[in-house]
Amino acid sequence: MPSSLVECVPNVSEGQRREVVEEIAAAASQPGCLLIDLSLDADHNRSVITLVGEPRSLARGVLELVSRAVERIDLRTHRGAHPRMGAVDVVPFVPLRGVSMADCVELSREVGQAIAERFAIPVYLYEESATCEERRNLATIREGEFEEFSQKIRDPRWLPDFGGPVLHPSAGAVAVGAREFLIAFNVNLATSDLRVAKKVAAAVRFSSGGLRYVKALGFPLEKRGIVQVSMNLTNFKKTPILRVFELVKREAERCGVSIAGSEIVGMIPREALYPAAAAALQLEELASQSILEERIEEALHEGR
């Protein structure tokens with residue numbers, strides 16, 4: 001097993017043509033770079049691809065993924081509920097083992113520069129890689145989306161970190177950065193009233209007075225005739241997923257709406273589910289030592 005492991009979770013602006021997304025994801029598969037998950041969302045018209053590998057191999061895989069995405073996605077004809085500014089909209093690097101956040105920042109900058117030089121796509125560095133505080137938040141960078149970005153990118157305040165200042169005609173721009181583990185968590189509401197989803201999202205997200213480390217938006221799921229509170233949980237240790245779910249449920253009930261279900265997009269650490277399981281079962285304690293798979297992995301590691 002490699003001593004250095006990094007996760008990368010590219011989000012691409014295609015979630016309706018499975019064959020296209022699978023082709024894009026497969027392009028990233030390189031020696032030392034593993035494709036471990038692929039999540040498509042037709043309503044958002046967006047997919048989340050999870051890659052894990054050694055830093056150098058991962059970088060090569062990401063560049064191949066971008067190459068294929070540029071060939072197969074044209075934002076001039078793309079429509080979907082989720083905000084986006086690029087065919088490959090965001091490329092975050094997350095330290096897993098044997099690497100620091102500083103290592104991931106350096107990796108993100110190398111990959112960002114390579115994307116700009118190889119594909120003529122403007123690149124913005126965000127989160128821990130950001131070159132100024134205003135660019136830490138992905139939502140702030142992405143404001144205006146693809147349709148308005150050709151004007152935004154000419155503003156001296158929004159010149160890209162690499163490439164530009166001309167938007168790629170079909171692939172737009174991309175945000176590349178380093179961050180801690182993020183959980184993409186969606187809660188579906190049993191109503192078609194988008195106002196309810198937006199009201200609940202506003203009550204939950206930190207920027208409008210809700211929970212710390214929670215970003216939330218309300219979206220319609222038109223094919224299902226319901227709406228969704230779509231969230232990013234940026235620190236599950238300080239704001240547990242169960243606390244987020246309970247607040248969404250409570251705010252929805254205040255509007256006379258029940259929960260239709262929830263979903264995890266992409267991957268979630270086991271550690272994030274332990275507190276939820278313990279609370280649901282009213283366990284006095286649930287430690288990793290109580291989990292069979294954890295003990296097996298620990299024993300195998302010690303016996304190497």
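The values are calculated or read from the model by the stated rules, or taken from the named source; none is laboratory data. What you are looking at is a predicted structure, and each value in this text was computed from that prediction instead of being measured. Glycine also receives a Cβ, built like all others from the backbone with ideal geometry; neighbour counts cover every protein chain displayed.
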Checklist line | Condition check for Glu145: at pLDDT 95 or above, closer than 22 Å to Leu40 by Cβ and of a type in the set (D, E, K, R) | finding: yes
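Do we find a residue being acidic (Asp, Glu) and part of a helix (DSSP H, G or I) anywhere in region 76-90?
First, the residues of region 76-90 that are acidic (Asp, Glu): 89.
Now narrow it down to the ones that are part of a helix (DSSP H, G or I): none.
No, because not a single residue in region 76-90 is acidic (Asp, Glu) and part of a helix (DSSP H, G or I).
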Checklist line | Hey, Leu292 modelled with pLDDT under 85 and loosely packed, with under 12 Cβ neighbours inside 10 Å or not | finding: yes
Next item on the list: Sort out which residues of region 246-288 are loosely packed, with under 13 Cβ neighbours inside 10 Å and aromatic (Phe, Trp, Tyr), and write them in order of number.
Entry: none
Item checked: Scan of region 105-149 for residues that are touching a strand residue (DSSP E or B) at 6+ places or on another chain (Cβ under 9 Å), farther than 14 Å from Arg84 by Cβ, of a type in the set (Asp, Glu) and assigned to a helix (DSSP H, G or I), ordered by number -> Glu106, Glu117
Notebook entry, point to check: Given (1) free of Cβ contacts under 8 Å to residues at least 24 places away in the same chain; (2) closer than 28 Å to Pro83 by Cβ, where does Gln282 come up short, assuming only one miss?
Noted result: (2)
Notebook entry, point to check: Looking at Gly210, Gly177, Gly164, Gly144, which is the one that is more than 17 Å from Ala260 (Cα to Cα), in contact with a Phe, Trp or Tyr (Cβ under 6 Å, 6 or more places away or on another chain) and not hydroxyl-bearing (Ser, Thr, Tyr)?
Noted result: Gly177
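Which residue out of Ala26, Ala42 is modelled with pLDDT under 95 and either surrounded by fewer than 23 Cβ atoms within 10 Å (Cβ to Cβ) or within 30 Å of Asn188 (Cβ to Cβ) (or both)? Reasoning before the result, please.
Numbers: Ala26 fails: modelled with pLDDT under 95.
Criteria check complete, one pass: Ala42.
I need the full set of residues from region 112-136 which are crowded, with 24+ Cβ neighbours inside 10 Å and closer than 18 Å to Ala171 by Cβ, in order please.
Pass one, region 112-136, residues crowded, with 24+ Cβ neighbours inside 10 Å: 112, 115, 121-127, 129.
Scanning region 112-136 gives Gly112, Ile115, Ile121, Pro122, Val123, Tyr124, Leu125, Tyr126.
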Margin query: Checking Asp155 against (1) touching a residue at least 60 places away in the same chain (Cβ under 8 Å); (2) in the same structural domain as Val90 (by TED's automatic domain parsing), only one condition comes out false. Which one?
Written below: (1)
Next item on the list: Of the conditions (1) in contact with a Lys or Arg (Cβ under 8 Å, 6 or more places away or on another chain); (2) at pLDDT below 95, Met85 clears all except one; give me its number.
Entry: (2)
Next item on the list: Within region 178-203, work out how many residues are outside any helix (DSSP H, G or I) and buried (at least 18 other Cβ atoms within 10 Å of the Cβ).
Entry: 12
